[in-house]
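> Starting off with a structure, shown below.
The values are calculated or read from the model by the stated rules, or taken from the named source; none is laboratory data. Quick caveat: nothing in here was measured; it's all calculated off a predicted structure. Backbone-built Cβ (ideal geometry, glycine too); neighbour counts: all protein chains shown. Each accessible area value is taken on the protein alone, full model and side chains, heavy atoms only, with ligands, DNA and RNA left out. Shrake-Rupley method; radii C 1.70, N 1.55, O 1.52, S 1.80 Å.
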Amino acid sequence: MGVNVSAHYVTQFTTNVQLLLQQKGSLLRDTVSVGSHRGESAVPVEQIGAISASIRSGRGAPIVVQDSPETRRWVYPVDYITQAEIVDSDDKVRMLIDPQSSYAQNAVNAIGRQMDDTILASLYASANTGKTGSTAVTFPAAQQVGINVGGTSSSLNVAKLREALRILIANEVDVMGERPTVVVNAKQHDALLNEIQIISADFNRGEAVIESGRVTRILGMDIKICNRVPLSSSNALVPVYVKSGVHLGIWNDIQTFVNEQPALEKNPTTVYAAATFGATRLEEGKIVQITCA
(Lines give C-alpha, C1' and ligand atoms only; values in the text may rest on other atoms or scores of the structure.)
Protein backbone atom coordinates (compact mmCIF):
# COMPACT_ATOMS: atom_id res chain seq x y z
CA MET A 1 0.00 0.00 0.00
CA GLY A 2 1.43 3.36 -1.03
CA VAL A 3 2.66 5.89 1.47
CA ASN A 4 0.27 8.44 -0.02
CA VAL A 5 -2.85 6.39 0.72
CA SER A 6 -3.84 8.92 3.39
CA ALA A 7 -4.83 11.24 0.58
CA HIS A 8 -7.83 9.01 0.02
CA TYR A 9 -9.07 9.20 3.60
CA VAL A 10 -12.59 10.61 3.86
CA THR A 11 -14.50 12.46 6.52
CA GLN A 12 -18.12 11.44 7.02
CA PHE A 13 -20.63 13.70 8.68
CA THR A 14 -24.07 12.79 9.96
CA THR A 15 -27.20 13.91 8.16
CA ASN A 16 -29.21 13.75 11.39
CA VAL A 17 -30.03 16.60 13.74
CA GLN A 18 -30.56 15.78 17.41
CA LEU A 19 -31.92 18.23 19.95
CA LEU A 20 -29.95 18.23 23.19
CA LEU A 21 -31.60 17.06 26.40
CA GLN A 22 -34.57 19.22 27.29
CA GLN A 23 -38.20 19.03 28.36
CA LYS A 24 -40.03 18.63 25.07
CA GLY A 25 -42.87 21.10 25.32
CA SER A 26 -45.57 21.34 27.97
CA LEU A 27 -46.12 18.41 30.33
CA LEU A 28 -48.88 20.02 32.38
CA ARG A 29 -51.23 21.57 29.83
CA ASP A 30 -53.53 18.53 29.85
CA THR A 31 -53.74 18.53 33.66
CA VAL A 32 -55.51 21.92 33.94
CA SER A 33 -58.64 23.48 32.46
CA VAL A 34 -57.92 25.34 29.21
CA GLY A 35 -59.92 28.16 27.64
CA SER A 36 -59.62 30.47 24.63
CA HIS A 37 -59.94 34.20 25.37
CA ARG A 38 -59.85 37.66 23.81
CA GLY A 39 -59.29 41.13 25.26
CA GLU A 40 -56.89 42.53 27.83
CA SER A 41 -58.19 40.19 30.56
CA ALA A 42 -60.70 37.38 30.93
CA VAL A 43 -62.97 35.68 33.46
CA PRO A 44 -62.59 31.92 33.03
CA VAL A 45 -65.42 31.14 35.47
CA GLU A 46 -68.14 32.86 37.47
CA GLN A 47 -68.19 31.44 40.98
CA ILE A 48 -71.18 30.84 43.27
CA GLY A 49 -70.54 29.83 46.86
CA ALA A 50 -72.44 27.38 49.05
CA ILE A 51 -75.63 28.28 50.92
CA SER A 52 -77.31 26.54 53.85
CA ALA A 53 -80.76 25.06 54.41
CA SER A 54 -82.95 25.70 57.47
CA ILE A 55 -86.07 24.24 59.02
CA ARG A 56 -89.28 25.51 57.45
CA SER A 57 -91.12 28.03 59.66
CA GLY A 58 -94.57 26.61 58.86
CA ARG A 59 -97.39 26.71 56.35
CA GLY A 60 -97.93 30.12 54.82
CA ALA A 61 -94.69 31.53 56.20
CA PRO A 62 -93.10 34.33 54.18
CA ILE A 63 -90.29 33.46 51.79
CA VAL A 64 -86.85 34.40 53.08
CA VAL A 65 -84.57 35.73 50.38
CA GLN A 66 -80.92 34.78 50.47
CA ASP A 67 -78.15 35.94 48.13
CA SER A 68 -75.59 33.31 47.23
CA PRO A 69 -71.98 34.46 47.65
CA GLU A 70 -70.75 35.22 44.14
CA THR A 71 -67.40 36.25 42.72
CA ARG A 72 -65.14 35.67 39.73
CA ARG A 73 -61.51 34.89 38.99
CA TRP A 74 -59.43 36.73 36.42
CA VAL A 75 -56.66 35.68 34.09
CA TYR A 76 -54.35 38.00 32.18
CA PRO A 77 -52.42 37.42 28.94
CA VAL A 78 -48.66 37.65 28.58
CA ASP A 79 -46.91 37.62 25.20
CA TYR A 80 -44.03 35.15 24.87
CA ILE A 81 -41.58 34.78 21.99
CA THR A 82 -38.32 32.96 21.32
CA GLN A 83 -35.30 34.60 19.78
CA ALA A 84 -35.05 33.94 16.05
CA GLU A 85 -32.64 31.46 14.51
CA ILE A 86 -31.26 32.60 11.16
CA VAL A 87 -30.83 30.06 8.36
CA ASP A 88 -28.68 31.64 5.66
CA SER A 89 -28.40 30.29 2.12
CA ASP A 90 -24.61 30.34 2.45
CA ASP A 91 -24.92 28.09 5.50
CA LYS A 92 -27.10 25.57 3.67
CA VAL A 93 -24.64 24.98 0.85
CA ARG A 94 -21.92 24.20 3.38
CA MET A 95 -24.02 21.65 5.31
CA LEU A 96 -25.40 18.18 4.64
CA ILE A 97 -28.44 19.03 6.75
CA ASP A 98 -31.22 21.57 6.76
CA PRO A 99 -31.72 22.47 10.45
CA GLN A 100 -34.82 24.58 9.81
CA SER A 101 -37.38 22.07 11.12
CA SER A 102 -35.23 21.32 14.18
CA TYR A 103 -34.98 25.03 14.96
CA ALA A 104 -38.78 25.25 14.77
CA GLN A 105 -39.23 22.27 17.12
CA ASN A 106 -36.68 23.74 19.52
CA ALA A 107 -38.66 26.98 19.63
CA VAL A 108 -41.96 25.17 20.20
CA ASN A 109 -40.39 23.22 23.06
CA ALA A 110 -39.23 26.48 24.68
CA ILE A 111 -42.73 27.99 24.58
CA GLY A 112 -44.16 24.76 26.02
CA ARG A 113 -41.77 24.91 28.95
CA GLN A 114 -42.76 28.52 29.55
CA MET A 115 -46.38 27.37 29.61
CA ASP A 116 -45.57 24.90 32.40
CA ASP A 117 -43.69 27.60 34.33
CA THR A 118 -46.74 29.86 34.04
CA ILE A 119 -49.09 27.12 35.28
CA LEU A 120 -46.84 26.23 38.22
CA ALA A 121 -46.37 29.87 39.24
CA SER A 122 -50.13 30.47 39.24
CA LEU A 123 -50.75 27.65 41.73
CA TYR A 124 -49.33 29.59 44.68
CA ALA A 125 -49.46 33.20 43.44
CA SER A 126 -52.10 35.75 44.42
CA ALA A 127 -55.25 35.27 42.38
CA ASN A 128 -57.19 38.32 41.20
CA THR A 129 -60.81 38.08 42.30
CA GLY A 130 -63.97 40.13 42.39
CA LYS A 131 -66.09 42.12 39.96
CA THR A 132 -63.10 43.91 38.45
CA GLY A 133 -60.28 41.65 39.71
CA SER A 134 -59.19 44.22 42.28
CA THR A 135 -59.07 41.77 45.20
CA ALA A 136 -55.92 39.65 45.55
CA VAL A 137 -56.45 36.26 47.21
CA THR A 138 -53.29 34.68 48.61
CA PHE A 139 -52.64 30.98 48.89
CA PRO A 140 -53.81 29.89 52.38
CA ALA A 141 -51.65 28.13 54.94
CA ALA A 142 -54.45 25.60 55.49
CA GLN A 143 -53.66 24.20 52.03
CA GLN A 144 -50.01 23.52 52.83
CA VAL A 145 -48.40 20.29 54.03
CA GLY A 146 -45.29 20.98 56.10
CA ILE A 147 -41.81 19.67 55.50
CA ASN A 148 -41.81 17.65 58.74
CA VAL A 149 -44.86 15.50 57.94
CA GLY A 150 -43.71 11.88 57.75
CA GLY A 151 -40.25 12.74 59.11
CA THR A 152 -38.15 15.73 60.09
CA SER A 153 -37.17 17.77 57.02
CA SER A 154 -38.31 14.86 54.88
CA SER A 155 -38.62 14.45 51.16
CA LEU A 156 -41.85 13.38 49.47
CA ASN A 157 -43.42 10.42 51.23
CA VAL A 158 -46.71 8.58 51.52
CA ALA A 159 -47.62 10.42 54.73
CA LYS A 160 -47.45 13.77 52.92
CA LEU A 161 -49.49 12.48 50.00
CA ARG A 162 -52.12 11.11 52.39
CA GLU A 163 -52.31 14.47 54.15
CA ALA A 164 -52.72 16.26 50.82
CA LEU A 165 -55.51 13.86 49.85
CA ARG A 166 -57.15 14.36 53.23
CA ILE A 167 -57.17 18.14 52.73
CA LEU A 168 -58.77 17.81 49.29
CA ILE A 169 -61.45 15.43 50.57
CA ALA A 170 -62.14 17.64 53.60
CA ASN A 171 -62.71 20.52 51.16
CA GLU A 172 -65.41 18.44 49.39
CA VAL A 173 -63.27 17.96 46.28
CA ASP A 174 -64.67 15.03 44.28
CA VAL A 175 -61.43 13.09 44.03
CA MET A 176 -63.29 10.08 42.62
CA GLY A 177 -64.74 12.03 39.71
CA GLU A 178 -61.68 14.24 39.21
CA ARG A 179 -58.37 12.47 39.75
CA PRO A 180 -55.78 14.73 41.43
CA THR A 181 -52.39 15.36 39.81
CA VAL A 182 -49.13 15.37 41.77
CA VAL A 183 -46.20 17.11 40.02
CA VAL A 184 -42.81 15.85 41.18
CA ASN A 185 -39.22 16.45 40.13
CA ALA A 186 -36.59 13.73 39.76
CA LYS A 187 -35.51 13.95 43.41
CA GLN A 188 -39.03 13.65 44.78
CA HIS A 189 -39.84 10.80 42.40
CA ASP A 190 -36.75 8.96 43.61
CA ALA A 191 -37.92 9.49 47.20
CA LEU A 192 -41.22 7.79 46.33
CA LEU A 193 -39.33 4.76 45.04
CA ASN A 194 -37.87 4.44 48.54
CA GLU A 195 -41.31 4.16 50.15
CA ILE A 196 -42.18 0.59 51.10
CA GLN A 197 -45.90 1.38 50.75
CA ILE A 198 -45.27 2.05 47.05
CA ILE A 199 -42.74 -0.56 45.95
CA SER A 200 -44.13 -3.49 47.96
CA ALA A 201 -47.31 -5.19 46.75
CA ASP A 202 -47.80 -6.45 50.31
CA PHE A 203 -48.39 -2.86 51.42
CA ASN A 204 -49.84 -0.90 48.52
CA ARG A 205 -52.77 -3.27 47.77
CA GLY A 206 -52.92 -1.99 44.19
CA GLU A 207 -52.96 1.68 45.32
CA ALA A 208 -49.56 2.36 43.71
CA VAL A 209 -48.69 1.74 40.08
CA ILE A 210 -45.11 1.50 38.82
CA GLU A 211 -44.50 1.28 35.08
CA SER A 212 -40.97 0.79 33.72
CA GLY A 213 -39.49 2.06 36.98
CA ARG A 214 -41.75 5.12 37.14
CA VAL A 215 -44.39 5.75 39.76
CA THR A 216 -47.43 6.73 37.71
CA ARG A 217 -50.18 6.58 40.30
CA ILE A 218 -50.53 6.48 44.10
CA LEU A 219 -53.61 6.73 46.33
CA GLY A 220 -55.74 7.43 43.25
CA MET A 221 -53.57 10.40 42.25
CA ASP A 222 -51.64 10.69 38.97
CA ILE A 223 -47.90 11.35 39.23
CA LYS A 224 -46.40 13.75 36.69
CA ILE A 225 -42.61 14.11 36.52
CA CYS A 226 -41.57 17.67 35.71
CA ASN A 227 -38.24 19.12 36.82
CA ARG A 228 -39.68 22.65 36.82
CA VAL A 229 -41.41 22.20 40.21
CA PRO A 230 -41.06 25.50 42.15
CA LEU A 231 -38.34 25.70 44.80
CA SER A 232 -38.14 27.68 48.01
CA SER A 233 -34.48 27.80 48.99
CA SER A 234 -33.59 24.17 48.25
CA ASN A 235 -37.01 22.77 49.16
CA ALA A 236 -39.43 21.62 46.47
CA LEU A 237 -42.99 22.96 46.64
CA VAL A 238 -44.77 19.92 45.20
CA PRO A 239 -48.29 20.74 43.98
CA VAL A 240 -51.33 18.50 44.21
CA TYR A 241 -54.38 19.74 42.32
CA VAL A 242 -57.44 18.79 40.32
CA LYS A 243 -58.06 20.00 36.79
CA SER A 244 -60.91 22.36 37.70
CA GLY A 245 -58.73 24.15 40.25
CA VAL A 246 -56.34 25.75 37.74
CA HIS A 247 -57.01 27.56 34.48
CA LEU A 248 -54.74 28.13 31.49
CA GLY A 249 -56.11 30.97 29.37
CA ILE A 250 -54.88 31.06 25.79
CA TRP A 251 -55.15 34.18 23.65
CA ASN A 252 -52.85 32.92 20.89
CA ASP A 253 -51.75 29.30 20.91
CA ILE A 254 -48.19 28.32 20.02
CA GLN A 255 -47.27 29.44 16.52
CA THR A 256 -44.05 28.97 14.57
CA PHE A 257 -42.82 31.60 12.14
CA VAL A 258 -40.56 30.62 9.27
CA ASN A 259 -40.10 33.69 7.10
CA GLU A 260 -37.67 35.08 4.59
CA GLN A 261 -36.20 38.43 5.59
CA PRO A 262 -35.85 40.62 2.47
CA ALA A 263 -34.34 43.45 4.50
CA LEU A 264 -31.28 41.29 5.26
CA GLU A 265 -28.55 40.22 2.86
CA LYS A 266 -29.49 37.26 0.61
CA ASN A 267 -32.95 36.97 2.20
CA PRO A 268 -32.09 34.56 5.03
CA THR A 269 -34.86 32.63 6.76
CA THR A 270 -35.70 33.31 10.39
CA VAL A 271 -37.30 30.66 12.60
CA TYR A 272 -38.99 31.41 15.91
CA ALA A 273 -42.13 30.70 17.94
CA ALA A 274 -44.58 32.81 19.91
CA ALA A 275 -47.72 32.49 22.03
CA THR A 276 -49.93 34.56 24.32
CA PHE A 277 -51.33 32.96 27.47
CA GLY A 278 -51.79 33.29 31.22
CA ALA A 279 -52.85 31.10 34.13
CA THR A 280 -54.65 31.49 37.42
CA ARG A 281 -55.73 29.47 40.42
CA LEU A 282 -59.51 29.05 40.38
CA GLU A 283 -60.18 27.67 43.87
CA GLU A 284 -57.80 27.49 46.81
CA GLY A 285 -59.49 24.35 48.17
CA LYS A 286 -58.60 22.38 45.05
CA ILE A 287 -54.83 22.87 45.37
CA VAL A 288 -52.40 21.63 48.02
CA GLN A 289 -48.73 22.55 48.40
CA ILE A 290 -46.35 19.94 49.85
CA THR A 291 -42.98 21.21 51.07
CA CYS A 292 -40.27 18.58 50.51
CA ALA A 293 -36.56 18.61 51.36
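> How many residues, within the range 247-281, are surrounded by 23 or more Cβ atoms within 10 Å (Cβ to Cβ) and not in a strand (DSSP E or B)?
Number satisfying all stated conditions: 0.
> Restricted to the range 9-37, and to residues that are out of contact with any strand residue (DSSP E or B) (no Cβ under 7 Å at 6 or more places or on another chain) and either outside any loop (DSSP other than H, G, I, E, B) or modelled with pLDDT of 90 or more (or both), which residue is nearest to LEU282 (Cα to Cα)?
Result: ASP30.
> Looking for something aromatic (Phe, Trp, Tyr), in contact (Cβ under 8 Å) with a residue 24 or more places away in the chain and over 23 Å from GLN188 (Cβ atoms) - is there at least one such residue anywhere in the range 228-242?
no
> Take the range 138-169 and flag every residue that is within 21 Å of the chain's Cα centre (by Cα) and open to solvent by 60 Å² or more (accessible area, probe 1.4 Å).
Listed by number, the residues that qualify are THR138, GLN144.
> Would you please name the residue that is most open to solvent (accessible area, probe 1.4 Å), looking only at residues in the range 181-192 that are out of contact with any helix residue (DSSP H, G or I) (no Cβ under 6 Å at 6 or more places or on another chain) and closer than 19 Å to GLY220 by Cβ?
Among residues in the range 181-192 that are out of contact with any helix residue (DSSP H, G or I) (no Cβ under 6 Å at 6 or more places or on another chain) and closer than 19 Å to GLY220 by Cβ, the one most open to solvent (accessible area, probe 1.4 Å) is HIS189.
> With the requirement that a residue be buried (at least 22 other Cβ atoms within 10 Å of the Cβ) and of a type outside the set (A, V, I, L, M), what does the range 234-246 give you?
Listed by number, the residues that qualify are PRO239, TYR241, GLY245.
> Does any residue of the range 205-226 turn out to be open to solvent by less than 10 Å² (accessible area, probe 1.4 Å), touching a helix residue (DSSP H, G or I) at 6+ places or on another chain (Cβ under 8 Å), in contact (Cβ under 8 Å) with a residue 60 or more places away in the chain and under 30 Å from SER101 (Cα atoms)?
yes
> Moving on. Identify, please: which residue in the range 113-137 is part of a loop (DSSP other than H, G, I, E, B) and among the hydroxyl-bearing types (Ser, Thr, Tyr) and is, among those, least open to solvent (accessible area, probe 1.4 Å)?
Per the stated criteria, the residue is SER126.
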